[in-house]
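Working notes for the structure below.
The values are calculated or read from the model by the stated rules, or taken from the named source; none is laboratory data. On a predicted model such as this, the values are computed, not experimentally measured, just so you know. Note: ideal-geometry Cβ built from the backbone for every residue, glycine included; neighbour counts use all protein chains shown. For the accessible areas, the whole protein counts, side chains as well, though only heavy atoms, and no ligand, DNA or RNA atoms are used. Shrake-Rupley method; radii C 1.70, N 1.55, O 1.52, S 1.80 Å.
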Amino acid sequence: MKPEHAWRPERLAAQTLLFAILAAGTAAVVTAESPSASSPAVSPTFNLTLEEAVERALAADERLEAAVLESRRAEAAYRSARNERLPALLVTAGYDRIREIDPPTLDLPPELGGEVRFGDSITDRVYLQANLRQELFSGYRRSAQIDATEHRFQASLYHREFVASQVEMAAVELYLNAVRAAERVHVAERALERASRVREEVEHLLGEGLVTANDLLRARMAEAQTDASLARMGNGRERALLRLKRGLGIDPETVVELDHASGGQQDAPPGSGEVDREILRAETDRPDLRAIEEEVLAAGRSVRRAEAGLYPTANLVAGLRVARPSPVVFPQVAEFDHTWSVGFELTYNVGGLLLVRSRLEEARLLEEALRVERIRRAEDVALHVRSAALDIADAVEQRVAADLFVEQAEENLRTLKAMHAEGLIRFSEVIEAQELLEQAEMNRLEATIDRALAEARYRFVAGRSALP
């Protein structure tokens, strides 16, 4: 009989295989822990507050960059209009090839000397001249043009300010929606934990014969539904974070943790008197309304500019010419000489009256259209302010109802658990109470974020910063 510790071929092969596996595992662990081993890159993580989100949006948004460029273009147009007031100074230099008949000759009878030539024959002429032209009056066309460009420049500045407020509001919405999506995940996680505890409890009760298999199936179905809901909430959170990163110019691979305390709003809903005051203030302070007001003023100056074509134009002209020979010196000699001239010019474009009247009508219609647009925007602002105030009131009522609903759902769940422990109800009723509590918590979250968004929109439409 062989001893128990004798080496057998199959035992030797099994131990050899075991040692090889252990050695491979040890080598893999050493390689993973080695500093020289390649490891996947860790995405950077940082906390993001609402104020930081707004700052990043203002720095990264393309709309604001385009508005800044437009304001710079309007400023350049304003400077160009102002520079047109300077007199026009034209300096020219030239060279002419003249025929041999220059200078002129005078044919006289032979007894008087025959042909008489005045000056020398010069075939080349070189000249340098400067002409100065200053507009004295043109129906206030220049001043109206300068005023119009100045108003458009101011309108571009107000438009840039309004675009900045729009970007700020968009960043607040993206951030709060991302907070909503993240909080939904937390609510779903708590719901899954409760559903898992309920399922474990039902399994234990089934082993003791206190519940039926149908109750266990119901508990497992509730847990599976909660797990699927958590997966959907997680995908929604990722989508909201991707939109937030796109709006803030953040790399999609960057991990962002939202540093926000939900439910911290303390502002009371605005009353009717406060809403009326906000409307009056918005009509005078909102950048978009101030921009359209500047556009109306610019259109009025454009009407004045178009009317300038109905008046004559007066100009002061002066010139200085140095040439060899001078065309005004008689007789001409082959040397440089200069001459100057000063004059007054009055012109009136009779043939352009029809064109002037057409442009004048076009400018007046544009001004009238802008006035109508200004009235429409002012009425829209009043509507938006009142609507935003009502949204705040709705959110407050929803939050009060949601708090009460959560309190009642928690008490109902505790009561039903106690009744089930005494054998008075089925466990399926406890599961239904659990689902009601989850829905109540989700409603409270929605009401909290809705109020934050409503307050931000109310501040925005009233012409204030969307930040709390």
**Residue under evaluation Arg377, criteria (1) without any contact (Cβ under 8 Å) to a residue 40 or more places away in the chain; (2) open to solvent by 70 Å² or more (accessible area, probe 1.4 Å); (3) in a helix (DSSP H, G or I), criterion not met** = (1)
**Prompt:** Has the stretch 297-305 got at least one residue that is over 26 Å from Ala88 (Cα atoms), assigned to a helix (DSSP H, G or I), touching a residue at least 24 places away in the same chain (Cβ under 8 Å) and basic (Lys, Arg)?
**Reply:** no
**Request:** Could you tell me which of the residues Val342, Val356, Val303, Val350 is under 17 Å from Gly139 (Cβ atoms), among the hydrophobic types (A, V, I, L, M, F, W, C) and open to solvent by 90 Å² or more (accessible area, probe 1.4 Å)?
**Result:** Val350
**Message:** Considering only the stretch 260-276, I want to know if a residue exists there that is modelled with pLDDT of 90 or more, surrounded by 13 or more Cβ atoms within 10 Å (Cβ to Cβ) and part of a helix (DSSP H, G or I).
**Reply:** yes
**Prompt:** Among the residues of the stretch 184-219 satisfying the criterion of being in contact (Cβ under 8 Å) with a residue 40 or more places away in the chain and of a type in the set (D, E, K, R), which is farthest from Ile425 (Cα to Cα)?
**Reply:** Arg184
**Item:** Criterion violated by Gly309 - all others in (1) more than 26 Å from Ala454 (Cα to Cα); (2) open to solvent by less than 80 Å² (accessible area, probe 1.4 Å); (3) part of a strand (DSSP E or B) satisfied
**Value:** (3)
**Request:** Go through (1) among the aliphatic types (A, V, I, L, M); (2) loosely packed, with under 14 Cβ neighbours inside 10 Å; (3) modelled with pLDDT under 95; (4) in a helix (DSSP H, G or I) and name the single condition Val372 misses.
**Result:** (3)
**Residue that is most open to solvent (accessible area, probe 1.4 Å), among those in the stretch 124-173 that are among the acidic types (Asp, Glu) and in contact with a helix residue (DSSP H, G or I) (Cβ under 6 Å, 6 or more places away or on another chain)** = Glu161
**Message:** For the stretch 81-100, check the following and say yes or no: at least one residue is surrounded by 10 or more Cβ atoms within 10 Å (Cβ to Cβ), at pLDDT below 85 and farther than 30 Å from Leu136 by Cβ.
**Reply:** yes
**Asked** Within the stretch 251-259, can one find any residue that is assigned to a loop (DSSP other than H, G, I, E, B), closer than 24 Å to Val396 by Cβ and open to solvent by 50 Å² or more (accessible area, probe 1.4 Å)?
**Response** no
